[in-house]
Amino acid sequence: MTSSLPTPHLPVIVIGGGQAGLSVSTGLRDRGIGHVVLEKNRIAHSWRTQRWDAFCLVTPNWQCQLPGFSYAGSEPNGFMPRDEIVAYVEAFAKHIDAPVREGVAVTRVTQADGGGFALETSEGAMTADAVVLAVSAYHVPNVPRIAERIHADIVQIHSSDYKTPAQLPAGGVLVVGSGQSGCQIAEDLHLAGRAVHLVVGSAPRCPRLYRGRDAVDWLDDLGQYDLPVDQHPLREGVRRKANHYLTGRDGGRDIDLRRFALEGMTLYGRLQDVVEGRPQFGGDLARNLDSADAVYNGICKLIDKHIAESGIDAPETGHYVPVWQPNETPTELDLHAAGITSIVWATGFRSDWSWVDLPIFNGAGYPTHRRGVTTMEGAYVIGMPWLYTWGSGRFVGIGRDAAFVADRIANRRAEESAAVLPLQRAG
């Protein structure tokens, strides 16, 4: 028997119950726009499930500035651990009384007949005048197919499934990838006394403390988190760049891969192939380390310039000087001979927009937008890296992006109402 109940209709449906979706919800509420937030798992799901036990923020707590709900704890210059981050996002949702429906998965979004949008969800069909895709760009763990050539007795996991050194079998660990997650997981294993082998890519690094302050504080003063993507030297290409690696662990510190090497960690160049179960590496280790250090010292020079031009009294701090140099770059690794029993693939995520059947994507499958406003009327995206600024993918910048999107939704609704009114009078 077919149900005669009407399909639920909302002015706006926000898909995703993380900090981005919740921030948009705040903006819509403040503008009196009816909406619902659909979250297929739980609020703050990725923070809760895709971070390791010792994870903490790499930016200071004071940057936790969700709309009307800034960090109010006793350690503004500290770095919240994973569980406190989850609690912060949950408290924000409670504070704004967000209309979140957890456990509702959206499986398809398409244009509705007669205008607006039709959604297929795990709880049935819904329609909306506008949709906001607040699902970031990190959807599917990216483990390269080359992993299939590794011998079956080697345990392999993605970084999103890594929780603690104890979950891995005894023996050495190969960490593939030196972005933020890879470097921090390598450090976690290293501090636990594991024999760590790290594949080093081109990710840059950043100082933690420099000239008496956290580098993030200096960069904020310099307006780096407010720089629009269209004014960045790389323009939209910056969206494909890895974030700088450093850590907030134990009060915050640099991550220096060269020092790890002095302490026994083995470093390799970029992974190029696996032949008969043996990983093969490029000869770019020294170049990658030098490049990361050049970015580190470039940030120091930028801060030096700001201090000099502003006449700020700040203690002198020397620039980074390498403490170790690779004499020989290993090009092959026999995992068994090296005692390696597991691999952590810190190789990021890939996007999966296959469920979004809307004409809003470019040739690379990335949503075409300006500040979250896509090329299709009524469709918006938010919470993506460099959506508008460097701060867009962080707690510090999401509120501004959300307010902009909410304003555009409100303006569009006002324009549509204004257009309908003369027709009603004429009728």
To the nearest 20 debye, what is the magnitude of the charge dipole of the range 35-175 about its Cα centre, counting +1 on the Cβ of each Lys and Arg and -1 on the Cβ of each Asp and Glu?
280
Between helix 180-191 and the chain: long-axis angle, C-alpha atoms, 0 to 90°, nearest 10
40
Using only protein heavy atoms and a 1.4 Å probe, report how much of SER46 is accessible, in Å² to the nearest 10.
50
Measure of exposure for ASP226: accessible area at 1.4 Å probe, Å² rounded to 10, is 80
Counting only protein chains, not ligands or nucleic acids, how are ASP230, ASP83 ordered by accessible area (probe 1.4 Å), most first?
ASP83, ASP230
Counting other C-beta atoms within 10 Å, and keeping those with at most 14, which DSSP coil trypsin sites (Lys or Arg not before Pro) do you find in the range 199-242?
LYS241
Picking from LEU358, LEU335, LEU302, which is most flexible by a Gaussian network model of the chain using Cα springs under 10 Å?
LEU302
Please go through the range 259-338 and write out the GluC sites (Glu not before Pro) that DSSP classes as loop and that have at most 13 other C-beta atoms within 10 Å.
GLU263, GLU276, GLU316, GLU328
What does the accessible area of THR368 come to, in Å² to the nearest 10, when a probe of 1.4 Å is used?
50
If you put +1 on each Lys and Arg Cβ and -1 on each Asp and Glu Cβ, how big is the dipole of the chain around its Cα centre, in Debye rounded to 20?
500
At a threshold of 8 angstrom on Cα-Cα distance, excluding pairs fewer than six apart, so keeping six or more, what relative contact order does the range 184-282 reach in percent?
35
May I ask you to derive the relative contact order of the range 80-148, considering only C-alpha pairs under 8 Å and at least 6 residues apart, and to give it as an integer percent?
17
With θ set to phi - 60° and the Karplus curve 6.51 cos²θ - 1.76 cosθ + 1.60, what are the ³J(HN,Hα) couplings of the range 200-217 in order, to the nearest whole Hz, using x for Gly and Pro?
9, x, 9, 4, x, 10, 9, x, 7, 10, 8, 6, x, 9, 5, 4, 4, 4
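Going down the list LYS94/LYS301; LYS94/LYS163; LYS163/LYS301; LYS94/LYS241; LYS163/LYS305, which pairs span over 32 Å between their C-alpha atoms? Intermediate values should be presented prior to the final figure.
Values: LYS94/LYS301 43 Å; LYS94/LYS163 28 Å; LYS163/LYS301 37 Å; LYS94/LYS241 34 Å; LYS163/LYS305 41 Å.
Cα-Cα > 32 Å for LYS94/LYS301; LYS163/LYS301; LYS94/LYS241; LYS163/LYS305; rest within.
Counting only protein heavy atoms and using a 1.4 Å probe, what share of the accessible area of the chain belongs to carbon plus sulfur, as a whole percent?
Answer for the chain: carbon and sulfur cover 49 percent of the accessible area.
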Just report the Cα centroid separation between the range 55-71 and the range 194-255, whole Å.
16
Once amide H atoms are placed 1.01 Å from N in the peptide plane, what residues at a sequence separation of 5 or more from ILE340, or on another chain, have their amide H within under 5 Å of its amide H?
GLY172
Quick one: Karplus J couplings for the range 295-309, per residue in order, coefficients 6.51, -1.76, 1.60, θ = phi - 60°, nearest Hz, x for Gly and Pro?
5, 3, 6, x, 5, 4, 5, 4, 5, 4, 4, 4, 5, 5, 5
For THR247, what residues show an amide H to amide H distance below 5 Å, using hydrogens built from the backbone and excluding near sequence neighbours?
ARG253, ILE255
For HIS9, HIS232, HIS158, HIS45, what's the largest-to-smallest order of accessible area, 1.4 Å probe?
HIS9, HIS45, HIS232, HIS158
For HIS139, residues with placed amide H under 5 Å, excluding near neighbours:
ARG350, SER351, ASP352
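So, for the chain, what is the accessible surface per residue at a probe of 1.4 Å, expressed in square angstrom?
Each residue of the chain exposes 46 Å² on average to a 1.4 Å probe.
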Contact order relative to length of the chain, as percent, for alpha carbon pairs under 8 angstrom and 6 or more apart:
22
Pop out the ³J(HN,Hα) list for the range 398-413 in order, Karplus 6.51 cos²θ - 1.76 cosθ + 1.60 with θ = phi - 60°, rounded to Hz; leave Gly and Pro as x.
5, x, 5, 4, 5, 5, 5, 5, 4, 4, 5, 5, 5, 5, 5, 5
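The values are calculated or read from the model by the stated rules, or taken from the named source; none is laboratory data. For clarity, every value in this text was computed on a predicted model and none was experimentally measured. All Cβ positions, even for glycine, are placed from backbone atoms using ideal geometry, and neighbour counts span all protein chains on display. In case anyone asks, the SASA skips ligands and DNA or RNA and just uses the protein heavy atoms, side chains included. Shrake-Rupley method; radii C 1.70, N 1.55, O 1.52, S 1.80 Å.
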